[in-house]
Amino acid sequence: MARIKDESVEVVKATADIVALVEGYTRLRKSGARFVGLCPFHQEKTPSFGVSPDRGSFKCFGCGEGGDAIAFVEKLENLDFVGAIEFLADRFNVPLEYEESSPEQDRQRRQRERLFALLEQATSFYERHLWDSPRGEAARSYLESRGLGEEVCRDYRLGLAPGGATLAGKAREKGFTAQELGAAGLVNRRGNDYFNGRLLFPLADARGRVRGFQARKLREDDPLRAKYVNSPEGELFRKGD
Ligand SMILES: [Zn+2]
């Protein structure tokens with residue numbers, strides 16, 4: 001799958017004139033630093049739709065639609081991000097450059113997506129174990145004793161690792177390989193779950209995707225000695241990030 005170079009996306013963002021763009025859909029009238037007009041997203045008789053060329057954004061106070069030029073095109077033309085960039089590039093005569101992608105790069109990207117999916121499913125699994133299993137009781141009491149209410153714990157998607165090969169077994173049933181479990185930092189060399197009876201704090205990136213966990217010891221017989229350990233470093237998880 002072709003990917004537009006980031007530099008090209010930046011040029012499109014800088015070049016797209018949101019007033020000229022919107023005027024292709026509705027008539028605008030200048031009002032101070034803004035432009036106002038009838039909203040192209042909903043039926044109205046008096047204008048509640050405004051465009052701010054300084055901010056490069058639009059906003060409708062009638063229906064609540066708002067965003068930048070890309071969002072405008074995505075919504076009105078029903079396009080995804082790449083489609084919207086291509087539309088704007090065409091409209092404002094910006095030549096686009098695409099990343100070359102080899103079959104090997106495509107394979108690597110698919111593999112990373114599988115690891116993200118695996119970590120997402122593991123996070124849900126650990127959450128369920130914390131909240132819905134009898135073995136979660138001790139961990140729930142611990143959280144309560146630390147003044148951490150259920151709502152905030154659920155917001156941060158805290159979980160509990162059962163240990164053994166419980167997670168590994170479930171993931172294998174769902175078609176994930178031992179190699180993928182290792183690459184996601186979820187199993188040890190012997191193929192058992194890496195985390196054992198630990199309270200887990202998912203570590204997510206800017207896009208909200210879980211990349212690893214920080215794990216707090218709850219039991220004295222924990223084979224990982226340290227009070228806190230992180231996921232082992234792997235393809236998606238590096239401590240420096
Ligand atoms: Zn509207």
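A compact table of results
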item	result
Boolean, TYR194 is open to solvent by 10 Å² or more (accessible area, probe 1.4 Å) and in contact with a Pro (Cβ under 8 Å, 6 or more places away or on another chain)	yes
Among the candidates ASN188, ASN192, ASN196, residue that is among the polar types (S, T, N, Q) and closer than 27 Å to ARG107 by Cβ	ASN188
Residue list for the stretch 11-54, restricted to those being within 15 Å of the ligand (Cβ to nearest atom), of a type in the set (Gly, Ala, Ser) and crowded, with 18+ Cβ neighbours inside 10 Å	GLY37, GLY50
Residues being within 14 Å of the ligand (Cβ to nearest atom), part of a helix (DSSP H, G or I) and touching a residue at least 40 places away in the same chain (Cβ under 8 Å) - total across the stretch 55-79	2
Some residue of the stretch 127-139 being assigned to a loop (DSSP other than H, G, I, E, B) and open to solvent by less than 30 Å² (accessible area, probe 1.4 Å)	yes
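The rows are residues; the columns are (1) in the same structural domain as ALA117 (by TED's automatic domain parsing); (2) open to solvent by 20 Å² or more (accessible area, probe 1.4 Å); (3) touching a helix residue (DSSP H, G or I) at 6+ places or on another chain (Cβ under 8 Å).
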| position | (1), (2), (3) |
| --- | --- |
| GLY185 | yes, no, no |
| ASN188 | yes, yes, no |
| LEU199 | yes, no, yes |
| GLY212 | yes, no, yes |
| LYS217 | yes, yes, no |
| GLU220 | yes, yes, no |
| PRO223 | yes, yes, no |
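The values are calculated or read from the model by the stated rules, or taken from the named source; none is laboratory data. Since we're looking at a predicted model, the values are computed, not measured. Quick reminder, even Gly has a Cβ in these numbers, built from the backbone with ideal geometry, and neighbours come from all protein chains shown. Keep in mind that these areas ignore ligands, DNA and RNA; they rest on the heavy atoms of the full protein, side chains included. Shrake-Rupley method; radii C 1.70, N 1.55, O 1.52, S 1.80 Å.
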